[in-house]
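Chemist: First, the structure itself, so that you have it in front of you.
Coordinate-derived values only; no laboratory data. As the structure is a prediction and not an experimental result, all values here were calculated from the model. Here Cβ is always computed from backbone atoms with ideal geometry, including for glycine, and neighbour counts include all displayed protein chains.
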Amino acid sequence: MKERLDRPLGTELAARSFHFAARSYESWLANARAYGTNDVIFWRDLGREWLLPTVRAEFDDRHRLTRAFTRVGLSMPVLERVATRLAPRWAGLVDRVGLDGSGRRLLSGVYNLAYYRGVADELGSVDRFLAITPSDEMPEPGVSGFTT
């Protein structure tokens with residue numbers, strides 16, 4: 001702290017840190033799903049009107065393969081279960097054969113799927129999630145089929 005106080009005004013120290021959480025794969029996916037669930041709860045119950053349109057806009061900004069993977073996974077729960085179960089093995093395999101970063105991208109896709117599963121389930125259906133428009137015109141909770 002003393003070093004910070006002795007610096008000239010406007011001068012800042014650069015800090016860099018890395019966080020490596022010690023959690024299981026299952027816990028990691030449950031965390032993603034909980035984030036999705038909570039985003040809907042915050043929108044619906046706490047009046048954060050901007051949140052659901054933002055969630056949808058961010059979905060639309062994802063890579064096209066991530067969006068396709070998520071849509072298929074949400075529509076076909078059996079495929080979601082298989083992909084979720086096999087993703088860690090596939091990720092390790094593709095990294096070992098030299099496809100740098102591909103394993104991370106695969107796991108990122110699975111994380112996205114878990115997050116949007118939480119959103120869709122809390123809204124009541126995949127169709128309700130896909131019906132969201134990324135605009136300020138999002139209906140209030142309880143309007144246009146978004147009932148609890």
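Chemist: Sorted by average packing, counted as other Cβ atoms within 10 angstrom per residue and highest first, what order do 28-41, 62-75 take?
Modeler: 28-41, 62-75
Chemist: Please report, in debye to the nearest 20, how large the charge dipole of segment 24-131 is about its Cα centre when each Lys and Arg carries +1 at its beta carbon and each Asp and Glu carries -1 there.
Modeler: 360 debye
Chemist: If you split all Cα-Cα distances of segment 43-97 into 5 Å bins from zero, what percentages do you get per bin, shortest first?
Modeler: Bin by bin from 0 Å, the calculated values are 4, 16, 15, 18, 17, 15, 9, 4, 2, 1.
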